[in-house]
1. Any lysines with Cα under 17 Å of the residue 240 Cα? List them, leaving off those in the same chain fewer than 8 positions away.
2. Once both axes come from the Cα atoms, what is the angle between helix 286-307 and the longest principal axis of the chain, in degrees from 0 to 90, rounded to 10?
3. Highest mean first, how do 150-162, 335-347, 108-120, 170-182 rank when packing is the count of other Cβ atoms within 10 Å averaged over residues?
4. Divide by every residue of the chain the summed helix terms, -39500 (n - 2.57) for each DSSP H run of at least 4, and state the resulting mean residue ellipticity at 222 nm, rounded to the nearest 500 deg cm²/dmol.
5. Using the Karplus curve 6.51 cos²θ - 1.76 cosθ + 1.60 with θ = phi - 60°, what ³J(HN,Hα) values do you get for each residue of the stretch 194-210, in whole Hz, with x for Gly and Pro?
6. Could you put 348, 222 in order, starting from the residue whose Cβ has the fewest other Cβ atoms within 10 Å?
7. Contact order normalised by length for the stretch 201-284, with contacts defined as Cα pairs under 8 Å and 6 or more residues apart; what percent is it?
8. Over the chain, calculate the relative contact order: mean separation of alpha carbon pairs under 8 Å at least 6 apart, over the residue count, as a percent.
Amino acid sequence: MTPFSFRKSLLAAGLVLLAPGLAPAHAQTLPSYMDGLVGTTTPAPGAVETRNVLQLNRSMFDLYGDAAAIFRKNILASRPVILALFSGAGGKFILYRPGQAPLEAPSVPISYQLLKSVAHSTMALAEVVGPYLSSPNDPSWRGSMLAFRSRMQSALDGLAVTDMPEEWRENSRLVLENNLAFMDVSLRDNAIGFANLQAFAAKQAPLLRKNVAWAAETQVKHWMGVLAEWKALVGNDWDKTYAASNTIYVARQNNVIFSVLAQYFGPQAINDRLLLIETVSFTTTPDDMLDSLTRIIADRSVGALFFGNYHLMDYELMGGDARTAIIAETKRRGMTTFLPPAVPFGSHQWPTLVTPGDGPASLDDLH
């Protein structure tokens with residue numbers, strides 16, 4: 001079939017698209033199987049043009065994704081990178097060195113997880129019974145508590161052979177026994193009384209306090225040792241090493257892993273080569289963390305190129321102008337402006353709350 005005859009056959013079927021701006025000489029009759037499939041509404045004036053402009057912003061992310069793969073490869077090829085990730089096991093540390101396979105640090109001793117698990121078991125009881133404190137006639141909590149009691153008893157039965165110092169084991173035994181006693185009373189009475197829950201919490205608090213302190217000591221000692229070894233291993237390249245840790249909101253203040261990293265990186269590295277990246281979940285993958293770190297570093301070069309400041313892009317780009325607008329708008333509305341102090345780009349202050357004030361700031365302060 002010649003190109004001309006092929007085109008004629010398409011025309012006969014009504015399937016050739018008209019060139020822009022051309023209208024059909026006459027209305028075409030479409031076959032029935034096209035019913036409900038064809039036909040458009042005329043866009044509002046400017047709608048297509050607006051969409052074309054907005055598409056530029058969407059396309060930026062595609063272009064950035066292509067470039068980010070190259071940036072990431074170049075960063076890892078030119079300097080060491082440490083990822084210090086949160087995990088239920090006390091953290092996961094990975095050292096990336098140019099031209100070498102990633103080095104994953106050994107885990108925190110298992111005693112950390114044992115202490116944490118015992119402490120969490122007590123707090124979990126409050127979650128189980130909390131919704132039913134004002135509903136004495138609702139026995140829905142019993143099934144969950146009976147199942148949890150079975151697990152609690154199994155944990156207590158095997159506690160004697162777990163790997164931790166005797167003092168820690170004895171304290172954990174008391175915590176588990178108190179948990180069981182509280183559950184047994186609740187199940188026997190078929191009721192959750194707030195007075196009983198308060199008494200239970202008061203009894204457990206000093207025991208939990210010990211588990212928390214021992215777990216923190218174990219975690220800190222382990223990662224301090226790892227970083228000391230890695231700093232010696234990296235040698236002169238330590239001063240150009242990047243490190244990043246992840247956190248969610250509730251673990252942001254006094255973040256253990258970030259605070260340990262800061263001891264080896266020093267004040268000038270904070271928010272420069274040492275970064276605390278906030279997320280919406282406790283855990284994240286190394287790939288996602290490397291992507292975040294790559295974007296931060298790459299965006300800094302854009303800020304330096306266009307605006308002459310290397311750390312500008314670490315901040316909300318519109319934040320300064322928005323601040324000016326907020327001041328003007330609150331004044332216009334007769335409101336008192338409420339804003340934090342302006343800080344310079346590249347500030348090395350801790351990426352957590354730093355303003356001193358009254359009130360307890362640790363478990364020790366509470367007592």
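Where a number appears in this text, it was derived from the coordinates with a stated rule and is not lab data. Given the structure is predicted, the values throughout are model-derived calculations rather than measurements. Cβ coordinates were reconstructed from backbone atoms using ideal geometry, including for glycine residues, and neighbour counts include every protein chain displayed.
1. Cα-Cα hits under 17 Å: 73, 231.
2. 60
3. The most tightly packed comes first, giving 108-120, 170-182, 150-162, 335-347.
4. -18000 deg cm²/dmol
5. Working through the residues one at a time gives 5, 5, 5, 5, 5, 5, 4, 5, 5, 5, 7, 3, x, 6, 5, 4, 5 Hz.
6. Least to most surrounded, the residues fall as 348, 222.
7. 34
8. Numbers: 322 pairs, mean separation 61.5, N = 367.
Relative contact order here is 17 percent.
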